[in-house]
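Structure, as structure tokens:
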Amino acid sequence: MQKLNTTLVYILSVVGLLCCCVYGLGTVAAIIAIVVATKEIKKYEANPDQFVNGKAMKSARVFAIVSLFISFIGLAFVIWTLVNPCAFFDWYIGMFENNPNVPAESMEQIYQAAEEAGCR
């Protein structure tokens, strides 16, 4: 009995989650994980008696799909930030402006970055 390579799929899926907001890198890792998982599942379905962890590979593929979905959300946020930086700064400043735990120096840096982007 052979084992399917679930470890690779899980590692790529976790990388996809960790890099979900890094300019699309998480999306790439998650897509690779789904492709690898699909190939492994096809091998399992062709000869189910030859492999012992077919259900584990199906679970790994589901995790990869979830990772891809979360990575798409992160990618959409990055694209939104690049396309509309002023809306991003308005949102970001609104979150921290009245928070007493945020130091005044940090708020000054945020205001300065917004001004440099032409938003204030």
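Quick notes
- Those residues of the stretch 102-111 which are surrounded by 12 or more Cβ atoms within 10 Å (Cβ to Cβ) and part of a loop (DSSP other than H, G, I, E, B), in sequence order: Val102
- Unique match (being assigned by TED's automatic domain parsing to the domain that holds Gly16 and touching a helix residue (DSSP H, G or I) at 6+ places or on another chain (Cβ under 8 Å)) among Phe51, Phe88, Phe77, Phe96: Phe51
- Checked against (1) at pLDDT below 90; (2) surrounded by 11 or more Cβ atoms within 10 Å (Cβ to Cβ); (3) polar (S, T, N, Q); (4) over 20 Å from Cys20 (Cα atoms), Asn99 meets all criteria but (2).
- One residue alone among Ile11, Ile73, Ile32 is β-branched (Val, Ile, Thr) and modelled with pLDDT under 95, and that residue is Ile73.
- Close pairs from the stretch 102-118: first closer than 16 Å to Asp90 by Cβ, partner of a type in the set (Asp, Glu) and in a helix (DSSP H, G or I), Cβ under 9 Å, at least 6 apart: Ala114/Asp90
- Within the stretch 29-42, tally of residues that are out of contact with any Lys or Arg (no Cβ under 7 Å at 6 or more places or on another chain) and buried (at least 17 other Cβ atoms within 10 Å of the Cβ): 6
The values are calculated or read from the model by the stated rules, or taken from the named source; none is laboratory data. Quick caveat, the model's predicted, so the values are computed rather than measured. Here the Cβ is made from the backbone with ideal geometry for all residues, glycine too, and neighbour counts use every protein chain on show.
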